[in-house]
Amino acid sequence: MQFSPVMIAVATLSGLGATAATCLLFVSVRHRSGGYRQAHLLLAAGAAVATLSLATGLLAAAVHGSHPGERTGWATAVSIGIAVSGFLGCAGLLRMPGVVGSPSGAVRLLLDGVITAAAFWFVGWVLFSEPTRLLGDATHLTCAPILFATVSAALAAGLNAVVAARAPRPRARLAGLCCGVTNTVFGGLGVAGGLCGGGTRLALAGAVLLAVGLLSAGLAVHTTDPPGQVAADLIRRDSEYAFIPMIAMAASAAYHLLQDGRFDAFAITAGSLEGFALVTRQYLTLHDMRGYAARLAEREAHFRELAHTDPLTGLANRRGLLRALASAVAGREPVALLGLDLDGFKHVNDMRGHDVGDAVLAEVGRRLRAHQGPGDLPARLGGDEFAVLTHRSPQDVDRLARELLHALGEAYEQPDGPVFLSVSVGVAGRGDPDGAAVPDRPDDAAVPQQADRPDGAAGPEQADRSPGEAGPDGTPVPRHVDESDVEVLLRHADLALRHAKQQGKNRVERYDATYERMLRRRTTVEHELRGAIGRGELRLAFQPVASLPSVRPVGAEALLRWHHPQLGSVRPDEFIPLAEECGMIAALGAWVLDQACLQLSRWLADGHDVWVSVNVSPRELHAEAYVAQVAEALRAHRVPPQRLVLEVTEHTVATDVDELIRRLTALRRTGVRIALDDFGAGYSSLGQLRRLPIDILKIDHSLVAEHEPVTPVDRDGPPFAPMVDVVMRLGHQLGLEVIAEGVTSPTELAAVVAAGCRFGQGALFGWGVPAEHLEAMLDAATLARPAPVTGADPAESRPSEPTAAPPPAPRAGTAPPPAPRAVPASPPAPRAVPASLPEGASDQIANDVASTQVGPGVAPDIRGGAAHR
């Protein structure tokens, strides 16, 4: 057979194109690494085999064009080469990173390719076999090389179609690579078919298709980006591939039968292969689904366990404890719950850092596990709170609590030094009496009446109500009957732990029903306190401050009292701390300041020479608006600033001293006087006392009442209080006025006067009384005051004691208060108090004291001078 010049040109160009594509693939191998290098090497090898098969086929067609028998042998060689090239191309495609994710994925992908390939081959057999014979006389199905090449072509087409269809977008370059491999194999099939008798034109067409396929594959590989993961969704899309091949086979088979066609062994083999591949593929899918479900169950169990486990310590978390607790209370065995809280752990995080804090918490978990017995469950509830669930007997539970108290209190060794902590433990067990079911005190009559004290102990405390009695709003107190055993046990352990913290920490406390009543009482008081001002339940009581030794009232301390319609008289030492915690203290302080200034303005308008002191909490003192609030109260009620004294406790000095000095200085600029209350019971040092911008020292009652009077050894005179004498001398040296608090007996009064103190406050001079009672005392003192004798010596007409505490001379470094407004005549300067009382002075003092009492109906104070509202 002679080749025309056009055929020679086509063959030459096809060979050159295939050669160029092969060289391009080998060049790309040098620029790749890892999995890409292996894939490109397989593709380049497949291209080289295909190019060699193309050259062999064209050479055989040119040389043996007139010898069909010899061309059949060359056709077999070309078919084998093309088949090898197709397998290498498919292998290179599967080796591309991202195409196959796992061995099982590779098997599923191959089975999908086989299913699609079988469908392609069957449809092709129908089209090219009797009776359709799409190519007419050019069809030579009896040629064995043709059948072998068709199998290779169908497999390549099926596999490449599946890979290209499942690749994620963008997938144009990967699809170009798949088409290139497929075209190469089909081109080789055309060359083999031409050698088997299809003619030179078919061989040349196959050569052109083969060259185009190699060129497209080379360009795609040279410029392709890493393909994404080929999708193999077992649930949504993994089985859709089966419908298209089966529909194609069914349609082609029906067409073949309609054309009176017959199915030979090849067709039956293709159909059987399709069925077995489908069954195998579905079995693998089912197997993968079962494995996926098993892994999902394992992970679910793992995550469920993680949801009940604390990641830092490895102990159970709150959910795990609740689950175990619910299971434990369902049985009949004894159940006990220990609540543990690390004392001072916040300082570890603040001072040493959270890494050290986490290491300490992990060590706590290890120590809890070291003391874990059979059936015990240690848990971390959050932060520095832990718990232990146990089924031990009550005696063993107490022993375990003490062991944990000792174990967790030992040092925690850290790289930068040991950490020392203590722990508080609360114990509760099943069967502990619920506080809601334990009756409270039967009635208030059985409770001893407590005195109305200046520290805020205002009258008798009304007994807490038992469940079933009416609460503050008229509704019965609940019994917690709707709570489960788990909630009750948790609440009991928490109450016991809270009580252990309140009792000084580093101790073990077992639940008691009293804690339940205390919690209900606290909750009720806090709730009712928020509306106390609006309901008009608050009032002020005034405790007189007397001049010495005549014990005539010259001032008063405003004390806050609260009487609730159902709760009765609530002690200030109960509701003031709650007001500090819940943020009500600012509102209460503003109300006290306003009412005290209002009452003081009335007394001044009535001509009484008196001053009033108001206690200031640390939160009020550090509020930015407090200075303006004080100035506004003075302006609104037209009160001279020097008539108002603001008392701060000595415990306040333990905070930021520099900030305290700044606040007090700003207050003194308004003209008010500052008193340091409870001096001698707190933390203030002499150096701080010299720096503080204060005007008055109030000696704590413990310094007045704790020590017995001492008789002077180097002079004659009555016994005196030595600590009061020291404070008096210190105050006078610093230019401060001194008031002795807590004077409760004539003996203490005589000792205080002998020490040189000019003002006193306490039970001996009067209790915290309503304003009208104190006004009666002021009226009585004014009437009893002797009038000056006409013509007498002015020195003789001066009183023997001060009438009101005059503002001391400004101290160095402080701003003097502004001049007062028009008020009653200022008291004259006091004269020095004699070192000793004249004979019979004690009896006179006692008579004076008795004359200043306001009569019945006033509850007696336990002590005087405490700075509580």
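The values are calculated or read from the model by the stated rules, or taken from the named source; none is laboratory data. These figures come from a predicted structure and were not determined experimentally. Cβ atoms come from the backbone with ideal geometry, glycine included; neighbour counts cover every protein chain shown.
Report, by residue number, each residue of region 301-325 that is basic (K, R) and either under 21 Å from the mean Cα position of the chain (by Cα) or in a loop (DSSP other than H, G, I, E, B) (or both).
If the condition is that a residue be basic (K, R) and either under 21 Å from the mean Cα position of the chain (by Cα) or in a loop (DSSP other than H, G, I, E, B) (or both), then R318, R319 are the ones that fit.
Out of curiosity, is G353 small (G, A, S) and farther than 23 Å from A493 by Cα?
Yes; evaluated as a whole, the condition is true for this residue.
Would you please list the contacts, defined by Cβ atoms under 9 Å and residues six or more apart or on different chains, that run from a residue in region 51-63 that is in contact (Cβ under 8 Å) with a residue 60 or more places away in the chain to a residue that is in a helix (DSSP H, G or I) and basic (K, R)?
Correct list of pairs: A60/R71; A61/R71.
Consider V738 against the criteria (1) modelled with pLDDT of 75 or more; (2) out of contact with any Leu (no Cβ under 9 Å at 6 or more places or on another chain); (3) not acidic (D, E): it satisfies all of them except one. Which criterion is unmet?
Against the list (1) modelled with pLDDT of 75 or more; (2) out of contact with any Leu (no Cβ under 9 Å at 6 or more places or on another chain); (3) not acidic (D, E), V738 comes up short only on (2).
Would you pick out the residues in region 506-548 that are of a type in the set (D, E) and under 30 Å from D398 (Cβ atoms)?
Within region 506-548, E509, D512, E516 qualify.
Which condition does L219 not pass, out of (1) surrounded by fewer than 24 Cβ atoms within 10 Å (Cβ to Cβ); (2) within 15 Å of L43 (Cβ to Cβ); (3) without any contact (Cβ under 8 Å) to a residue 40 or more places away in the chain, if it passes all the others?
(3)
Considering every residue within region 583-591, establish whether at least one is surrounded by fewer than 18 Cβ atoms within 10 Å (Cβ to Cβ), of a type in the set (A, V, I, L, M, F, W, C), within 30 Å of H773 (Cα to Cα) and in contact with a strand residue (DSSP E or B) (Cβ under 7 Å, 6 or more places away or on another chain).
Yes, some residue in region 583-591 is surrounded by fewer than 18 Cβ atoms within 10 Å (Cβ to Cβ), of a type in the set (A, V, I, L, M, F, W, C), within 30 Å of H773 (Cα to Cα) and in contact with a strand residue (DSSP E or B) (Cβ under 7 Å, 6 or more places away or on another chain).
Show me the helices (runs of 4 or more DSSP H) found entirely inside region 331-409 where at least 2 residues are charged (D, E, K, R) and farther than 21 Å from K505 by Cα.
Result: 354-370.
Assess whether L764 counts as being touching a helix residue (DSSP H, G or I) at 6+ places or on another chain (Cβ under 6 Å), surrounded by 12 or more Cβ atoms within 10 Å (Cβ to Cβ) and modelled with pLDDT of 60 or more.
yes
So which of F345, F386 is of a type in the set (A, V, I, L, M, F, W, C), within 17 Å of S422 (Cα to Cα) and buried (at least 22 other Cβ atoms within 10 Å of the Cβ)?
Just one listed residue meets the conditions, F386.
Restricting to region 546-572, give me the number of residues that are under 24 Å from S745 (Cβ atoms) and surrounded by fewer than 17 Cβ atoms within 10 Å (Cβ to Cβ).
Matching residues across region 546-572 total 0.
Report every pair of residues separated by at least 6 positions or lying on different chains whose Cβ atoms are under 9 Å apart, first residue within region 244-263 and farther than 15 Å from L278 by Cβ, second hydrophobic (A, V, I, L, M, F, W, C) and not in a helix (DSSP H, G or I).
Pairs found: A253/F263; H256/F263; L257/F263.
Take region 146-175 and flag every residue that is part of a helix (DSSP H, G or I), within 54 Å of the chain's Cα centre (by Cα) and surrounded by fewer than 24 Cβ atoms within 10 Å (Cβ to Cβ).
Selection gives A161, V162, A164, A165, R166, A172, R173, A175.
Failed condition for R392, given (1) among the charged types (D, E, K, R); (2) touching a Pro at 6+ places or on another chain (Cβ under 9 Å); (3) closer than 21 Å to E410 by Cα, with all others met?
(3)
Do we find that R281 is of a type in the set (K, R) and buried (at least 17 other Cβ atoms within 10 Å of the Cβ) in this structure?
So R281 passes the test.
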